[in-house]
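The values are calculated or read from the model by the stated rules, or taken from the named source; none is laboratory data. Bear in mind the structure is a predicted one, so any value in this text is a computation, not a measurement. All Cβ positions, even for glycine, are placed from backbone atoms using ideal geometry, and neighbour counts span all protein chains on display.
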Amino acid sequence: MKSILNFLGLNVLPFLINMLFATLSMNIKNKPESLSNSVFIFWHSKMLAGWRLFKDSNTAALVSQSSDGDILSNLLVKWNYKVIRGSSSKGGKEALFSLMENVSSGIPAAVTPDGPRGPANVIKNGVLVISLKCGAPLIPVRINYRHKIVLSKSWDRFEIPMPFSSCDVYFGEKYYYNTYLYNEELENFKSKLGSEMS
């Protein structure tokens, strides 16, 4: 049974997702003319549209080494991403270093900063480290589906847009994390970023 589900996830799901997005109306505002050397962040619950935004743009993506990550990785490879495998629980240090190498060379990165296991809508420090070490701006991306299905039992209340509906996307301003912040200042900085994604 597990092998059948894995086959469906790797082969059928990417086709269905492509078909879904062929029906959606994407309303995108404030997208930068150049994506290079930037780190784009969006919530894990919105990642279907988030990943789709950077299809065929040679973007680097950080994907966990879990079985769910295998399915996502397969999809992103089809969308011409540079996929880097790792997370805070496994292979995180090496993956973060690899992602920084890509950003430093001018390649944009797309990251779900609350993934892969949450807490939902809470930014982890990894993206701040990338900004600090690479001098790269963090650009929050707000994504709203007009009509959607919410998987209420998933940790992030994952959202799936309904076919033939609309998706509104707004790219926020550039934020630079260029010095270490602590305690309240750090939380305020992350809260500001998070508010622009919600």
I need the full set of residues from region 67-100 which are hydroxyl-bearing (Ser, Thr, Tyr) and touching a helix residue (DSSP H, G or I) at 6+ places or on another chain (Cβ under 9 Å), in order please. Ser67, Tyr81, Ser87, Ser88
Among the candidates Leu151, Leu96, Leu72, which residue alone is under 13 Å from Leu48 (Cβ atoms) and at pLDDT below 95? Leu72
Going through (1) over 16 Å from Leu24 (Cβ atoms); (2) touching a strand residue (DSSP E or B) at 6+ places or on another chain (Cβ under 9 Å); (3) free of Cβ contacts under 8 Å to residues at least 40 places away in the same chain one by one, Met162 fails only at (1)
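Listed here are the residues, each with its yes/no results for (1) modelled with pLDDT under 95; (2) outside any strand (DSSP E or B); (3) surrounded by fewer than 18 Cβ atoms within 10 Å (Cβ to Cβ).
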residue: Met100; (1), (2), (3): no, yes, no
residue: Val103; (1), (2), (3): no, yes, no
residue: Gly118; (1), (2), (3): yes, yes, yes
residue: Pro163; (1), (2), (3): no, yes, yes
residue: Tyr180; (1), (2), (3): no, yes, yes
When you check Val169 against the structure, is it assigned to a helix (DSSP H, G or I) and either modelled with pLDDT of 95 or more or touching a strand residue (DSSP E or B) at 6+ places or on another chain (Cβ under 7 Å) (or both), yes or no? no
Buried (at least 19 other Cβ atoms within 10 Å of the Cβ), among the hydrophobic types (A, V, I, L, M, F, W, C) and within 11 Å of Thr112 (Cβ to Cβ) - does that describe any residue in region 31-38? no
Per-region count, region 121-152, residues aliphatic (A, V, I, L, M) and surrounded by fewer than 14 Cβ atoms within 10 Å (Cβ to Cβ): 4
